[in-house]
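Working notes, beginning with the structure itself.
The values are calculated or read from the model by the stated rules, or taken from the named source; none is laboratory data. In this text, all values refer to a predicted model and were calculated from it rather than measured experimentally. Counting neighbours? That spans all protein chains shown, and the Cβs are built from the backbone with ideal geometry, glycine included. All accessible areas refer to the heavy atoms of the entire protein, side chains included, with ligands and DNA or RNA removed. Shrake-Rupley method; radii C 1.70, N 1.55, O 1.52, S 1.80 Å.
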Protein chains: 2
Amino acid sequence: LKGTERQFVDKLRRQAGRRGAVPRRASFALRQGIGDDCAVISSPGKKDLLVTTDFLLEGVHFRRQWQPADALGHQTLARGLSDIAAMGGTPRFAFLSLALPAGIDARWVDRFFSGFFRLAEASGVTLAGGDTVASKSGVLADIMVIGEVPRGTAVLRSGARPGDEIWVTGRLGGAATALEQLRRGKLIAGRTQALRTRSYHPPRLAIGRWLARRKLASAMMDVSDGLSIDLARLCQASGVGACIVADAIPRPRQTSLDLALHGGEDYELLFTVPPRRARNLPNRIEGVRLTRIGQIQRGRRLRLIRAGREELLPVLGFEHF
Amino acid sequence: LKGTERQFVDKLRRQAGRRGAVPRRASFALRQGIGDDCAVISSPGKKDLLVTTDFLLEGVHFRRQWQPADALGHQTLARGLSDIAAMGGTPRFAFLSLALPAGIDARWVDRFFSGFFRLAEASGVTLAGGDTVASKSGVLADIMVIGEVPRGTAVLRSGARPGDEIWVTGRLGGAATALEQLRRGKLIAGRTQALRTRSYHPPRLAIGRWLARRKLASAMMDVSDGLSIDLARLCQASGVGACIVADAIPRPRQTSLDLALHGGEDYELLFTVPPRRARNLPNRIEGVRLTRIGQIQRGRRLRLIRAGREELLPVLGFEHF
C-alpha cells in the first residue's frame, strides 16, 4: 500500500474537499485538512486546534518482542505528539483506540500504559477517551492527539520558498540503525544506547513551539518515514525543489549515509528558515543540536551534493519491516 | 476482552484522571473524559467540542462478505456520528485511520469510500485527516469524529434521576436479527429489508439535537451493544436503578424479546426525560417513533416487567461474533 499511499491520499483529499459541506456561520472551521502533519481547525477563540491520528500495527510497524511494552506505549503517544510538535503546537488531549489479543499478559498491558502515561504526564497530555476491543491479530493501537496553537501560527508544510535554508533537529538514521541491528539479532531489547534512543525518543515539542512562536520556520514537518521522502513531501506541498549536502546530514557514528537519508522513525523536525531569519537560529535548543543541511530551490528537483558532485536525491519510501 | 472492558476502562479513567496534568489558563479544558459517548472539551467560544473514536475490525465487528463495501463505509462513519447524536451535538470533522490488506480489490475500496462520503455529505461532515497503512490481517478502520454543541448543553449519561421516564427511538433488535439470519446463511448481502436497515441505519442526529436544545433529555446515550448493557451503563453513570416493561420495547415483527433486549448495533438513542417535561415529547421526531419503555428508580437494581411479573433484568454484553 505504501507505494500507492500518495495517490490514495490525493484522491481522498479531492473527495473530501469536494463533498464535505461546511455549514455557514460555524464556530469551528477547517483551515488545513488532509496532507499535513495535523489538521488545523480554527476556533472562535484565540487558539486553533490541531488534530492528528496515527495507526500502529503489530507485524507492520513493530514486533512485540523487539522492545519492552513501556517503550511501545511511549512510541504510540510519541508519534502523535511529534505531529503536534511539527506544527509548533502544544498537545492537550489524547484518544487511544487499542485492540488487544484475548490471551495477552495483563502485565504487558500495564507496562504499555506505564510508558504511555509517563510521556503523557511529561507532556501535559490528558487521556480523554478511546476504545478498547478484542483483536484477532496482535496489538493494534490508533492514537489521536488534539493540540492547540495561537491563532494562525501553525507551521504548515507548504510555506517553504526558494532560498530558504533547510534544517533538522538532532541526528538522523539512528532509529533505522537500531532496527537493522535488531533484524540481525545483534541486540537484546532495551540493552543498548541505540535501542534506548529509538525506544524512548522525546517528541520535539519545545523546539517546534520555539520556532513557531518566533516565526523562524517557514515550513515544518517531522521526519517519520525518512529524510528523502519527507523532504519530497515538504517540497511538493510548497511547490519548490531542494538541494541538500550529504556531509552536512547529522548522523550517529555507526549510521550509514543511506540510513540517514532513507531510514524512518527518527521523529526529528525538518524545517525551513528564510535566510534573513536564520541569524536568529541558535546552534542548540534545549540541548538538541540544530543543523543546516541544505537549501530550498526553484523548480521541483531534489538534489544531493555528495563528495563535491551533484546528483538527484533518490526518494525512497520507508518500508516498515 | 469484552467481559473485562469495564474494569479496564475504570482503571484507565483513574490513571487518566490522576496523571493528566491540565495547564492553567488553558483555552481548552476537559469537561467530560473517559466513560461517556464522547469526550466533551470546553472551548473559549460559545461551543463545546465533542470527540469520539470507534474501532471497527474485520473478523471482530464485521465480515467483509456479509455486506456491500459501501455499507461498511457507511457504518464506519455512522458509529461515530451516533456518539455525537447521543450528546445532542452536530458532527463537523471526521478522521479515518484505515488499514487495508495488500491485495484488496481497488473497487472494494472505492465503494467503501462511496458509502462513507455519501453519509458524510448528508451529515455535513468533512473528512479532515487520517492515516492509511498496510494491514496483515483484514480491513481495520478507526473513525474519529469531532462535533460541536452549544456551551454546556451536551447531554451526558450521568443526568438520570429517580422518576425520570426512559425512552428509546425507533425499534430495537433489528440489527441483531439480520445478523442472526446472516449467520444461518439465510440472507444474501444487501437483498432484504432487515439487512438494508442494519447496513444503512441513519444516525439519530436530528433527534439528539432536538432533545438537547429543548432540554428534554436528562441523560442520553446510543444503544450500540444492546439495550440491557447500555441501560446498565447509563444507570451506573447516573447512580440510579431502572424498571422497564418488556411489552413496551419497540421491535420489528420477526425480532424476539431477547434480541430486542440484548442485541447490539441498533444505534438508536436511549434517553431519560423528567416527568414534568415528558408532556413536551412528541410521538415522532422526523418520522421516527419515540417510545416510553420504563422509569428510572432509586437504588441500583435493573428490573424487567414481563407478563405482569417483575424480574431482575439480565444484563448481557453484546458479543461480537
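Can you show me the helix-derived [θ] at 222 nm for chain B, built from DSSP H runs with n ≥ 4 at -39,500 (n - 2.57) apiece and divided by the number of residues, rounded to the nearest 500.
-9000 deg cm²/dmol
Does segment B:214-294 come out rounded, prolate or oblate by the C-alpha gyration tensor, with a ≥ b ≥ c the root eigenvalues, rounded set by a/c under 1.5 and, if not, prolate when a/b is larger than b/c and oblate if not?
In terms of gyration-tensor shape, oblate.
Which whole number gives the average, over all residues in B:40-53, of C-beta atoms from other chains lying within 10 Å of the residue C-beta?
Neighbouring Cβ atoms belonging to other protein chains average 5 per residue here.
If you scale each eigenvalue of the Cα gyration tensor by 5 and take the root, what three semi-axes come out for segment A:51-110, rounded to whole angstrom and sorted largest first?
In descending order the semi-axes read 24, 12, 11 Å.
Segment A:121-169 to segment B:259-321: how many Å between their Cα centroids?
40
Work out the length of the dipole vector of segment A:195-321 about its Cα centre, built from +1 on the beta-carbon of each Lys and Arg and -1 on the beta-carbon of each Asp and Glu, and round it to the nearest 20 debye.
780
Using all C-alpha to C-alpha distances in segment B:94-208, build P(r) with 10 Å bins and read off the rounded percent in each one.
All Cα pairs considered, the percentages come to 10, 27, 36, 20, 6, 0.
Just tell me, in residue order, which DSSP H segments of chain B are both 15 angstrom or longer along the helix axis (alpha-carbon based) and at least 0.5 in mean Kyte-Doolittle hydropathy.
Helices meeting the span and hydropathy rule in chain B are B:227-238.
What average count of beta carbons from other chains do you get within 10 Å of the Cβ of residues in B:138-151?
Per-residue shielding by partner chains comes out at 4.
Once the label point is set 7 Å along the Cα-to-beta-carbon vector, what list of distances in nm do you get between A:GLY299 and its counterparts in the other copies?
8.3
I want the antiparallel fraction of DSSP beta bridges within segment B:93-190, as a percent rounded to 5.
Of those bridges, close to 45 percent are antiparallel.
Can you tell me the accessible area per residue over chain B, all protein chains present, probe 1.4 angstrom, in square angstrom?
Heavy-atom SASA per residue in chain B reads 41 Å².
By the gyration tensor of its Cα atoms, with a ≥ b ≥ c the square roots of the eigenvalues, what is the shape of chain B: rounded for a/c under 1.5, prolate for a/b over b/c, or oblate?
Note, shape of chain B comes out oblate.
Taking one equal scatterer on every alpha-carbon of segment A:31-77, how large is log10 of I(q)/I(0) by Debye at q = 0.20, 0.26, 0.28 1/Å?
-0.73, -0.91, -0.99
Note the buried accessible area between B and A here, summed over both chains, with a 1.4 Å probe, in Å² to the nearest 100.
What B and A bury together is about 5800 Å².
Would you work out which of B:ALA160, B:ALA134, B:GLN75 lies farthest towards the positive end of the dipole of segment B:48-202? Charges go on Cβ: Lys and Arg +1, Asp and Glu -1.
B:GLN75
Could you run the Karplus curve 6.51 cos²θ - 1.76 cosθ + 1.60 with θ = phi - 60° over segment A:154-164 and give me ³J(HN,Hα) per residue in whole Hz, x for Gly and Pro?
Coupling constants for segment A:154-164: 4, 8, 8, 7, 8, x, 6, 10, x, x, 4 Hz.
Please go through segment B:224-315 and write out the GluC sites (Glu not before Pro) that DSSP classes as loop and that have at most 15 other C-beta atoms within 10 Å.
B:GLU286
Go through B:ALA85, A:LEU100, B:GLY173 and say which Cα lies farthest out towards the positive end of the charge dipole of the protein assembly as shown; charges sit on Cβ, +1 for Lys and Arg, -1 for Asp and Glu.
The residue sitting most towards the positive pole is B:ALA85.
Using a 7 Å offset from Cα along the direction of the beta-carbon, what are the separations from A:ARG31 to the same position in each other copy, nm, ascending?
Reported distances to equivalent positions: 2.4 nm.
Please state the charge dipole magnitude for chain A, taken about the Cα centre, from unit charges on C-beta atoms (+1 on K and R, -1 on D and E), reported in debye and rounded to the nearest 20.
Using Cβ point charges on Lys, Arg, Asp and Glu, chain A gives about 980 debye.
Measuring from a point 7 Å out along Cα→Cβ, what nm distances, shortest first, does A:ARG151 have to its partners in the other copies?
Counterpart label points of A:ARG151 in the remaining copies fall at 1.5 nm.
Using +1 on the beta carbon of Lys and Arg, -1 on that of Asp and Glu, and nothing else charged, what's the dipole of the protein assembly as shown about the Cα centre, debye to 20?
Taking the Cα centre of the protein assembly as shown as origin, the dipole is about 1540 debye.
Around A:ALA278, with a cut-off of 10 angstrom between Cβ atoms, what is the net charge of the other residues, counting Lys and Arg +1 and Asp and Glu -1?
Summing Lys and Arg as +1 and Asp and Glu as -1 gives +2.
Roughly how compact is the protein assembly as shown, stated as its Cα Rg over 2.2 N^0.38 Å to two decimals?
For the protein assembly as shown, the normalised Cα radius of gyration is 0.99.
Starting from the amide H of A:GLU268, placed 1.01 Å from N in the peptide plane, find each other amide H under 5 Å away whose residue is 5 or more places distant or on another chain.
A:VAL223
Run down the aspartates and glutamates and flag those whose C-alpha is under 12 Å from the C-alpha of A:LYS136, throwing out any fewer than 8 positions away in its chain.
Those aspartates and glutamates meeting the cut-off are A:GLU58, B:GLU58.
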